[in-house]
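Below is one structure, written out as structure tokens; the observations come after it.
The values are calculated or read from the model by the stated rules, or taken from the named source; none is laboratory data. Note that the coordinates shown come from a computational prediction; the quantities given were computed from them, not determined experimentally. Here the Cβ is made from the backbone with ideal geometry for all residues, glycine too, and neighbour counts use every protein chain on show. In case anyone asks, the SASA skips ligands and DNA or RNA and just uses the protein heavy atoms, side chains included. Shrake-Rupley method; radii C 1.70, N 1.55, O 1.52, S 1.80 Å.
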Amino acid sequence: MNYKLSISTSSGDEIKFLKQQIADLKKSESFFRAITQNSSDIIIIVNKKAVITYVNPAIELHLGYKPEELIGKSGFDYIIPADIPRAILDFGKSVLTKEIKISNAFSIRHKDGSTRVLEGIGFNLLHNGIVKGFVMNVHDITNRRKTETELDSYRQHLEELVEERTAEISLINARLSDELAERKAVEKALKESEEKYRDFIETAPIGVGRIDMSGKVLYINKRIEEMMGWSREKVIGKDGFGLESFDDESRSRLLERFAARTEGDIPRRFELPIARKDKSPVWAEVITTILKKDDTPVGAQMVFVNITERKEAEEALRKSEDRFRTLIQRSSDVITILDTKGRITYNSPSAEGIFGYPLETFPGKSFLKFIHPDDQALVRSRFAGLMDKTNQGDTTEFRGLRGDGTWRTFETLGKNLIDYDGINGVVFITRDITERKQAEEERRILLERLHRVEKIESLGTLAGGVAHDLNNVLGVLVGYTQLMLTKIEKDNPLTKYLHNILKSSEKGTAIIQDMLTMARRGVNVSTEVVNLNNIISDFLQTPEFDRIQSYHPHVTFDKVLAGDLLNMKGMPVHLGKALMNLISNATEAITDKGEVTITTGNCYLDKPLSDGTEVRRGDYVALTICDSGQGISPSDIGRIFEPFYTKKVMGRSGTGLGLSVVWGTIKDHDGYIDVQSEPGRGSTFTIYFPATHETIDSKRPKDMSPDTYMGRGESVLVIDDIHDQREVATSMLSKLGYQVKAMASGEDAVDYMNHQSTDVLVLDMLMEPGIDGLETYKRILKKHPGQKAIIVSGFSETARVKQAMKLGAGAYVQKPYLLENIGMALRKVLSESSQQIP
């Protein structure tokens, strides 16, 4: 039988084809690997002495070493001796040349003692300030080398056999023409040649099988048995295209190629999956060669190369690409790549949502087109720093223009990856930080406001304590002055002096009241319904306003009061005092001719004030005091409500408490204040008080005659820890016609009441040492349920005062008190029907 065997020997094309596929895959992989700074290949950095300074985790996958086992070791220690001279020579060349790229392959010792062949490219970055080393990107080509070696060996052996067989056939043909006797020798030689060829095919590292033109399997070698898991006895004689190892798609491709080659098509490699007998998958690369007899196709020989490892590596690479592509595409941050001229070459999908433009808007455009003009210089400078590698990854904040025309604040971090194949640009990771910046600003404003409030309250606490002590002193002074006035004739020369003392005491009381108001410990906001227009009109007719006008004749005053102004709840006295301080401050801010305008109106608040202060939604009465004065500097505007903070001459123009009193009054009325001011352009103070739809009570209390609040011989027990206060209280109450007894402490009063009784207690709330007024009252009530009492104190209604009122105390009088105040409070309490307090 004389068969012509056509065998493909284009192994070089095959290798080139494989290398091209791998290069394409690696180029694709480098795109995502560079961004994520992760690699499935080995990355090694050595210093100029070849000592390993960095190796990525992939080293363990390929060579079995953990990175920490290699750091600090010489790279030459792991190269097999035969390759060391070549490695030293290449390394020496690379060290002497900046940015040189060297490709090479060496045999490396695996941790388990085996040898692996690694191929890669080295970059001389010893001069690089960040890397300071020779960088090698390496991958394992052991299996490829092994396959190449086996293929080369097979090709060489095959060529030798063909040459040998050709020579033998030529010799046989020559001898046949000369000697028919030599035919047996030729046939013997041919048989030996076929046996050698059959032995070679049988033991070849690639699978070889033959079929006839009907597809029946004539032969398979041992490698196919191993590859498919079927013994040849189970396969030979069967329809090769119908074997269980092939699925429908693979079977169709085999038949298609068989038919094409029969019709003369050129050899083509193709890949297909094979199912082993145990159902495990194997991938093979197949080459079909038609067998002919007398130029007539009689069958085919198919070569199967096991490429399972390569396919698994490709699949792993594909999954790695998919994983990193998914991470990038689903990232909430925007990943942008710019070329060397700052033009956008790539934007991740999140750019459409964050920047508000379709993705096709960006490519080819300068990134500066989307950046606020005021920020372009900064961003351009940072980009230049990345290009010349002076910017080592500093974050940059800038304002960017969204597609809807709004400006947002962004934060970006860049990395120069110009030298990375597949990227060749500067990569930026950008996120929208608009809400974060707004939150930071709101937090800053809130902290400033909190610090200001804490400072005001701490100073107010101090002022309140001082005011309490001064009230006690003034109480004695006022009390004795009033007693002296009752004992001398009206035409006595001393009367004038006593009235002056009383007037000065009242001024002192007013100052103390300011301190208590500022401390928010001296104001008891009544539920009286008032109209702010009336309070303004009343104030403009007071001597205090006349005095302001006389001190500042260059200032004119204008009022614009809303005719439909809603009412509010508050205390006219404190509102009037706050109004006076605001007008006085506005007037004193004007050094030349100027104007102060007083305006009222209704408004509805549902948004924070200009300084960020949150407000309760609802209707408000607005009072605006606007002046054309010198204005307030930004450094001072945050401190104007602090106690004792003033730019005036202390003692001449004020005490530094005016605006603190205003602030305290506003807070006690659940209101808000908004201040707008610029140096040289005047100031505008706008106060908002909660409005009420209740009407003003038109009934006015009539003036009380002294007879109305005189006593009728009732017994009074005065309880006060200050001797002078007890003395003056005893004298005043005796003058009013009461039988008075005084005690110096709460304990003494409790002991007294355990054995005696009294019509009413005049009880100081703060007493030291010992129990205070509330505890004293509680103990007395146990013995005398329903005991009537009046609470007196240098402070206003504290929480403990309110508790005492709930227990049954009928009135509260603030020190220093006048005869009328204490007298009217006593008459009110004594006239009420007695109640049993449980």
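Suppose the chain between D592 and D419 were pulled fully straight at 0.36 nm per residue; how much longer would it get relative to their current alpha carbon spacing? Walk me through the numbers on the way to the answer.
On the way: separation 173, 0.36 × 173 = 62.28 nm, distance 7.00 nm.
Additional length available on full extension: 55.3 nm.
Would the stretch 715-831 count as rounded, prolate or oblate if I go by the C-alpha gyration tensor, calling it rounded below 1.5 in a/c and otherwise prolate when a/b exceeds b/c, oblate otherwise?
rounded
Determine, for each peptide in 665-677, 552-564, the mean count of other beta carbons within 10 angstrom over its residues, then list the peptides with the highest first.
665-677, 552-564
Can you check what the net charge comes to around A586, using other residues whose Cβ is under 11 Å from the Cβ of A586 (Lys, Arg +1; Asp, Glu -1)?
On the way: positive: none; negative: E588, E595, D627.
Here the count lands on -3.
Show R616, R712 ordered by accessible area, largest first, where the area counts protein heavy atoms only and the probe is 1.4 Å.
Details: R616 125, R712 175 Å².
Listed by decreasing accessible area, they come as R712, R616.
For a test of the definition: using alpha carbon positions, the gyration tensor, and the 1.5 limit on a/c, classify the stretch 228-279 as rounded, prolate or oblate.
Working: a/c = 2.46, a/b = 1.73, b/c = 1.42.
Prolate, because a/c is 1.5 or more and a/b exceeds b/c.
Packing-wise, with mean Cβ within 10 Å as the measure, how do 596-609, 340-353 rank, highest first? Mind dumping the intermediate values first?
Working: 596-609: 15.0, 340-353: 16.9.
So the peptides 596-609, 340-353, ranked by packing, come out 340-353, 596-609.
Could you do me a favour and compute the accessible area per residue for the stretch 204-312, 1.4 Å probe, result in Å²? It would help to have the intermediate numbers written out before the result.
Working: 5500 Å² over 109 residues.
About 50 Å² of surface per residue is accessible.
Counting only other residues whose beta carbon sits under 12 Å from that of D772, what net charge do I get with K and R as +1, D and E as -1?
Around D772, the charge tally is -3.
Cut-off 16 Å, label point 7 angstrom out along Cα-to-Cβ of K234: give me the residues of the stretch 276-305 whose amide nitrogen falls inside.
Residues 276-282 fall inside that zone.
Any chance you could get the radius of gyration and Dmax over the Cα atoms of the stretch 204-312, in Å?
That works out to 13.1, 43 Å for Rg and Dmax.
If we sort 761-771, 109-119 on the protection proxy, mean other Cβ atoms within 10 Å, highest first, what's the order?
With the highest mean Cβ count within 10 Å placed first, the list reads 761-771, 109-119.
Would you please name the chymotrypsin sites (Phe, Trp or Tyr not before Pro) within the stretch 225-303 that are DSSP coil residues with at most 15 other C-beta atoms within 10 Å of their C-beta?
Taking the stretch 225-303 and a limit of 15 other Cβ atoms within 10 Å, no loop chymotrypsin sites (Phe, Trp or Tyr not before Pro) are found.
How high is the relative contact order of the stretch 204-312, in percent, with contacts defined as C-alpha pairs under 8 Å that are six or more residues apart?
28
Taking 7 Å along the Cα-to-C-beta vector as the label spot, tell me the E244-M710 distance in nanometres, rounded to one decimal.
12.9
Once ligands and nucleic acids are excluded and a 1.4 Å probe is used, how much of D294 is accessible, expressed in Å² to the nearest 10?
Using a 1.4 Å probe on the heavy atoms, I get roughly 130 Å².
Just list whichever of K365/K415; K111/K146; K49/K93; K735/K782; K365/K437; K802/K828 have alpha carbons separated by over 24 Å in the model shown.
Violating the 24 Å limit, Cα to Cα: K735/K782; K365/K437.
So, R0 is 60 Å and r is the distance between the beta-carbons of E397 and T149; what FRET efficiency does that work out to, to 0.05? Working shown, then result.
Numbers: r = 58 Å, r/R0 = 0.97.
That gives a FRET efficiency of 0.55.
Please give me the summed charge of the neighbours of T430: other residues whose Cβ is under 10 Å from its Cβ, Lys and Arg +1, Asp and Glu -1.
Neighbour charge sum, excluding T430 itself: -2.
Going down the table (K132/K319; K319/K369; K234/K279), which pairs top 26 Å between alpha carbons?
Checking Cα-Cα distances, K132/K319; K319/K369 exceed 26 Å.
Can you figure out the FRET efficiency of A82 with E159, using R₀ = 41 Å and their beta-carbon distance, to the nearest 0.05?
About 0.90, to the nearest 0.05.
At 1.4 Å probe size, what's the solvent-accessible area of K146? Round to the nearest 10 Å².
130
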